[in-house]
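The values are calculated or read from the model by the stated rules, or taken from the named source; none is laboratory data. Remember, it's a predicted structure, so these values are computed and weren't measured experimentally. In this analysis, Cβ positions are derived from the backbone assuming ideal geometry, glycine residues included, and neighbour counts consider all displayed protein chains. Keep in mind that these areas ignore ligands, DNA and RNA; they rest on the heavy atoms of the full protein, side chains included. Shrake-Rupley method; radii C 1.70, N 1.55, O 1.52, S 1.80 Å.
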Amino acid sequence: MFRPFCLNHRFAIGLLIAMLPIILLSACNPPTATTPPTPSPFVIVSPTAVPVSGKLIDQTPQSLLNIANSAPAQVGRFTLDKTKSYVAESGIELVYNANTGGTMSIAIWVTPSANLAEDRYSIETGQITAPKFPLAVGDESIASPSNKARGAQAGINPTVWGEMRFRNVVVELYPDGDLVQKMSDFRSEEATELLTKIFAVLPK
């Protein structure tokens with residue numbers, strides 16, 4: 001079983017750092033002013049809401065725990081390690097041990113709205129400079145199996161091998177440095193399988 005409702009400090013710090021670009025981005029896009037600045041060549045408009053494919057995923061601790069407990073025990077070369085996986089206040093981290101050595105962390109971020117999920121997905125995928133391959137999973141998804149870490153400090157600039165957006169949820173595949181070195185043959189098909197298995201346990 002997962003450690004229920006316990007906020008992991010590493011996850012919380014990662015969330016704060018990961019959400020910082022979104023907070024800064026939001027600060028640059030204030031709500032529509034009642035009196036536009038004068039003079040100004042721009043027209044201030046309200047942001048277009050992201051179309052939602054259905055009911056938002058519940059953020060309650062029990063809902064997150066249900067998702068975590070439904071995670072597949074085995075996906076291809078990856079085996080779930082329940083001793084390292086946990087549920088936090090705003091999401092889930094599932095840790096899978098690879099048969100090559102190294103681990104794949106699957107972060108499931110459950111945001112308050114589809115717009116926030118879209119913001120996170122756009123920022124994260126926009127920072128990937130390696131080739132990205134669109135996948136048919138969720139509302140939007142990509143794989144980038146040749147991607148390498150953007151920085152040396154794990155958890156701050158991690159490698160992303162795959163990402164999916166579904167309603168108000170973002171799912172991200174994070175290999176650790178050991179896995180990046182030992183699984184050089186990771187393929188888009190494996191990213192698809194991992195994301196598909198996680199997508200299957202999300203409430204619809």
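Among the residues of the stretch 118-135, the ones that are hydrophobic (A, V, I, L, M, F, W, C) and without any contact (Cβ under 8 Å) to a residue 24 or more places away in the chain come to 1 in all.
Quick check on the stretch 81-110: of everything there that is under 26 Å from THR60 (Cβ atoms) and in a loop (DSSP other than H, G, I, E, B), which residue is most open to solvent (accessible area, probe 1.4 Å)? Taking the candidates together, the pick is GLU89.
Scanning the stretch 59-75 for residues that are modelled with pLDDT of 95 or more, part of a loop (DSSP other than H, G, I, E, B) and surrounded by 14 or more Cβ atoms within 10 Å (Cβ to Cβ) gives ALA71, PRO72.
Hey, can you tell me all the residues within the stretch 169-182 that are touching a Phe, Trp or Tyr at 6+ places or on another chain (Cβ under 9 Å) and of a type outside the set (Ser, Thr, Tyr)? Scanning the stretch 169-182 gives VAL169, VAL170, VAL171, GLU172, LEU173, PRO175, LEU179, VAL180.
When the stretch 98-110 is filtered for residues that are under 16 Å from the mean Cα position of the chain (by Cα) and farther than 14 Å from GLY76 by Cβ, the ones remaining, listed by number, are SER105, ALA107, ILE108, TRP109, VAL110. Contact map, the stretch 178-190: first residue under 19 Å from GLN74 (Cα atoms), second residue assigned to a loop (DSSP other than H, G, I, E, B) and modelled with pLDDT under 90, Cβ cut-off under 9 Å, separation 6 or more or different chains; pairs are LEU179/THR159; PHE186/SER146.
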